[in-house]
1. Convert each backbone phi in region 305-320 into a coupling constant with the Karplus relation 6.51 cos²θ - 1.76 cosθ + 1.60 (shift: θ = phi - 60°), then list the ³J(HN,Hα) values in order as whole Hz, x for Gly and Pro.
2. If the cut-off is a Cα-Cα distance under 15 Å, which aspartates and glutamates reach K460, setting aside same-chain residues fewer than 8 apart in sequence?
3. If I take all pairs of Cα atoms in the chain, what percentage of them are more than 46 Å from each other?
4. Amide H neighbours of Q311 under 5 Å, at least 5 residues apart or on other chains, H built in the peptide plane: list them.
5. When the dipole is taken about the Cα centre of the chain, and only Lys, Arg (+1) and Asp, Glu (-1) are charged at their Cβ, what size is it in debye, to the nearest 20?
6. Counting pairwise Cα distances across region 77-230, what percent come out greater than 26 angstrom?
7. On average, how much accessible surface per residue is there in region 13-61, in Å², for a 1.4 Å probe, leaving out ligands, DNA and RNA?
8. Express the accessible area of region 111-162 per residue in Å², computed with a 1.4 Å probe while the remaining protein chains stay in the model.
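The values are calculated or read from the model by the stated rules, or taken from the named source; none is laboratory data. In this text, all values refer to a predicted model and were calculated from it rather than measured experimentally. Note that we place each Cβ from the backbone using ideal geometry, even for glycine, and neighbour counts take in every protein chain shown. Ligands, DNA and RNA are excluded from the accessible area calculation, which covers all protein heavy atoms including side chains. Shrake-Rupley method; radii C 1.70, N 1.55, O 1.52, S 1.80 Å.
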Amino acid sequence: MLGKPAWWKESVVYQVYWRSFLDTDGDGYGDLKGVIEKLDYIQSLGVTMVWLNPFNASPDKDNGYDVSDYYAVMERAGTMAEFDKLLAETHARGMKLMMDVVLNHTSDQHPWFKASRSSKDDPKRDWYIWRDPKDGGVPTNWRSYFNPSSWELDEGTGQYYMHSFAIEQPDLNWANPEVREEMYRMLRFWLDKGIDGLRLDALALLAKPEQFEDAGDPHDIRYLTHNPGLHEYLQEMNREVFSRYDIMTVGEVAFATPDTGPLFVGEERKELNTLFHFEVADEMPEWDMVRFKRIQRTWAQALSGRGFGSQFLNNHDHARQVTRYGNDGEYRVESAKLLGTLVHTLPGIPYIYQGEEIGMTGVRYDNIGEYQDIAMLNRYAEEVGKGRNPAEVLRSLQPLSRDNSRSPMQWNDARHAGFTDGEPWIKVNPNYRSINVERAEAEPASVLHYYRELIALRKKCPVMVYGDFTDISGDDPHVYAYVRSHEGVRWLVVLNHDTKANSFAAVEAAGGKGSLRLVLGNYADAPRERRAEGKLELRPYEALIYEF
Ligand code: TEU
């Protein structure tokens, strides 16, 4: 059993990238009022928690992940009164609200940073990370996630400041207790308002390398993560903040592995409830079933009896799953349902990224001018600056651009998919006329209705949350089959991730006998019951959940 029961373990989280969700004032950006307007829709999915991407005051260089005032709401998103209403309306519908907090860095427009850069003697100088030039240049050869260097020279004081992401996102100095105290105060401000969860951004970077010296391979930016002191910060944050509230905490932990992951979420560690790791997103540019199974097996073993994981295949940073890992052509509906079944029946808390529930696909814009993601635009400039062919650079960056999943939510087949009456901040995917919520509601066999059934199952079937996990499909390159078992209930999940039909002796492998009772299948005519013998014949992208 995956640990003692807890409300947060039974969560199904719906991620709302509010700027692309619904625009109510015609400025082309989604807003908090738009989220309020769609809460009935979100509730109709059956999810238990809404994760809201950052909405704090920000110059918006990195879509809100560059905060200039932690105690204010970005004008583009709305007002504090509208946030308070969103929180109240979310609670009124029996759902919880998770806030996305950016602890590693602020905007360069934050007053703290303006003070810090004003003078070497400013009291806030040590709130950020400053170093003298080395040999007349950058202090180390470290790259940032979004730039060739993680250092930017401040002419005023002749020193460099560190930024693990964009130049406009200076890293806070977490070694400074004043910084930690202020961040804890900020967290309490929002938790005292009644939010129910925290998604902790870029958590693995809070502790900086002990030695500020050149990295052997500056492109392998793991040196920015998992440095000594990180767990002490998290244990202090838990003591000072998390432990005083009944909340769910999920850490975005880049480069976490099955060895390091339990150190963040082991219940005895008193750090986090759960974490996102990125072994799939970072190591699988396209689907690789054997690799995916290995990753799931090692994480399930690592966390078993120790901690609780999270399951996702896409979010605002990663391409839409049906395009990247499924089949967004002939088998879009079947593969979208299969991937949903996968995420919701593997161990861990499932996350749904807005639009995933209707099988929204990734988008490709024709020219670089239509892209907005600072990470992509910076990388494009860097590569073209080296003399590479611009068209070839664009082609190379398109598949994994973060904008792929940031195109506006597709509500209906009206202009701009019903997202805005204005001009959308980023182009709507042209397939919105056929892929939209209104159409999905009208189609009984839509991805949307299937997701509702999946989510409803979790509330009725503890085996999905607490069941043990046993992979019974070895290195089969297409079929994934596993058993979840809990208090005498056994589920057999069989997924054929292939455009071709395949068969699989799942029943023998599962040790089943007697009969298999269908719990859910993504083909309407899947037999409701069958003998537990022989091979299962699986259609393209067929997903089956049996009780046996
Ligand atoms: O992303 C952090 C980040 O870029 C890495 O953890 C990366 O996502 C991971 O290694 C998988 O590739 C967070 C936010 O999700 C992102 O939108 C922000 O741009 C970034 O932090 C900076 O705040």
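1. x, 10, x, 10, x, 10, 10, 8, 10, 7, 6, 6, 9, 10, 4, 4
2. Within the straight-line limit of under 15 Å, K460 reaches these aspartates and glutamates: E10, E487, E547.
3. In whole percent, the share of Cα-Cα pairs in the chain beyond 46 Å is 12.
4. I349, Y351
5. 1620 debye
6. Value for region 77-230: 35 percent of Cα pairs lie more than 26 Å apart.
7. 24 Å²
8. That works out to 47 Å² per residue.
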